[in-house]
Amino acid sequence: LSRPSREGAGAWSTAGDALIFVTFLAFPIVGALTASRRPRNPIGWICVSVGLFWMLLIVGGEYGAYGLAVPGSVPFPVTIYALTYAWLWVPAVGLLGTYMFLLFPDGKLPSRRWRPLAWLAGAVIALESIVAFLTPGPLDGLEGARNPLGLEGYPWLDVLAWTVLPLLPICMLASAASLVLRFRRSGGEVRQQIKWIAFAASFMGSLYLLMIGASVISVLIAAPGTPSDPGTQTLWGALLEDVMILSFTAIPVAIGFAILRYRLYDIDLVINRTLVYGSLTVSLAMLYVGSVVFLQYASRALTGGESQLAIVASTLVIAALFNPLRRRIQTFIDRRFYRSKYDAAKTLETFGARLREETDLDTLGGDLTSVVRETMQPEHVSLWLRESSAGTEQKADG
């Protein structure tokens, strides 16, 4: 089953629907793997639950939309839609946004003081699910259909909805704050585990902001008379939306790496490379667009027409600037965010230069212990030297 294609997106929309399903399939897969290895850690079971909720939501939504678009093709499309799509987003979003942060990474609350928030989050998720399930009226996303499970004549549902709805984002923000607090108070492996999920969330958020920014820019630069209906998507808009949805896969993947402690300390390298190449991509894109616009403007001013030379020249400039700009960005990021690693690299580089010129063994021994102490910062440094001729040993402590 597939919902009728988004106008202008064509076949890409159908592929995008399949992509969404596969993306959220990552949650139960990673969750099952994590739960099988760490059955007492609820993080794996939360991933399984979130994935199943999203999959049921997507299947039920597509089922209802297809049944309404093609009458008589499937039984009870509106009821199935109301049983799944209308309310399952609440536990899916709620579990991911509250308990995932509250319990990550060891499955325990940061302290007993966070118990009231855990109870409040559970109550809010349950009440919001009931409200979304029983509220009468039109069904969101299904034009012309009303909720067959809604309870008419109960005004307290509206009061409950307006009371509970703002509490969910408040609980999510407080849960995220607990993860920040846990990061600041922890060290070693726990910090590395939190870095994984923080990186995934930042990556997903950056893509979301990019999609919003691209949508705003496309509306601003649209030619007069061009329809700007949000429901009308081009291939480019559908592609951006699906890439953003695909980024959700980073969350369960990061959780799997963190909980199973697989290549745990590689996150520092991942963050470093993302900062470098993300900054490089943005810088080169701005240079490219700016140079093309400037050269096209100059070409129109000089010749009265546009020339392909602007694009060719801009491409050559970007190719020439790639490596020098990458090195400068790498140096800046290492100096700003990885100062200890940057200082260690500089110390080793300086020692290597002295090593080629120094011949006195005692001086080299002292330099070597100083370098080890400065770069690795051990509690104690000892250097043993064996003289091959006399067979004696010397020891230098640092």
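The values are calculated or read from the model by the stated rules, or taken from the named source; none is laboratory data. Note that this is a predicted model, so its numbers are computed, not measured. Cβ: placed from backbone, ideal geometry, glycine included. Neighbour counts: every protein chain shown.
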Filtered residues of segment 161-190 (kept if over 30 Å from Ala132 (Cβ atoms) and surrounded by fewer than 17 Cβ atoms within 10 Å (Cβ to Cβ)) | Leu181, Phe183, Arg184, Arg185, Ser186, Gly187, Gly188, Glu189, Val190
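Name the one entry in Ala65, Ala86 that is farther than 30 Å from Val180 by Cα, out of contact with any helix residue (DSSP H, G or I) (no Cβ under 7 Å at 6 or more places or on another chain) and not hydroxyl-bearing (Ser, Thr, Tyr).
Ala65
Of Ser36, Ser13, Ser49, which residue is more than 21 Å from Phe101 (Cβ to Cβ) and modelled with pLDDT of 75 or more?
Every option except Ser36 fails the conditions.
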Taking Arg182 as the residue in question, decide whether it is assigned to a helix (DSSP H, G or I) and modelled with pLDDT of 90 or more.
-> no
Given the conditions (1) crowded, with 22+ Cβ neighbours inside 10 Å; (2) under 27 Å from Ala198 (Cβ atoms); (3) not polar (S, T, N, Q), every one holds for Pro77 apart from (2)
Determine if segment 165-182 includes at least one residue that is touching a residue at least 60 places away in the same chain (Cβ under 8 Å), out of contact with any helix residue (DSSP H, G or I) (no Cβ under 8 Å at 6 or more places or on another chain) and farther than 30 Å from Ala65 by Cβ.
-> yes
In segment 23-47, anything among the β-branched types (Val, Ile, Thr), over 12 Å from Leu260 (Cα atoms) and in contact with a Ser or Thr (Cβ under 7 Å, 6 or more places away or on another chain) is listed as Thr23
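So for segment 140-162 (the condition being closer than 21 Å to Leu68 by Cα, assigned to a helix (DSSP H, G or I), within 33 Å of the chain's Cα centre (by Cα) and hydrophobic (A, V, I, L, M, F, W, C)), does at least one residue qualify?
Our first condition is that a residue be closer than 21 Å to Leu68 by Cα; within segment 140-162, this holds for 140-150.
The next check asks that each one be assigned to a helix (DSSP H, G or I); those that pass are none.
No, segment 140-162 contains no residue that is closer than 21 Å to Leu68 by Cα, assigned to a helix (DSSP H, G or I), within 33 Å of the chain's Cα centre (by Cα) and hydrophobic (A, V, I, L, M, F, W, C).
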Meets criteria (within 27 Å of Pro148 (Cβ to Cβ), part of a helix (DSSP H, G or I) and at pLDDT 90 or above) for Val59 = no
Taking the stated definitions as given, is Gly94 in contact with a helix residue (DSSP H, G or I) (Cβ under 6 Å, 6 or more places away or on another chain) and modelled with pLDDT of 90 or more?
-> yes
Does segment 134-144 contain at least one residue that is surrounded by 17 or more Cβ atoms within 10 Å (Cβ to Cβ), assigned by TED's automatic domain parsing to the domain that holds Thr98, of a type in the set (Gly, Ala, Ser) and touching a residue at least 24 places away in the same chain (Cβ under 8 Å)?
-> no
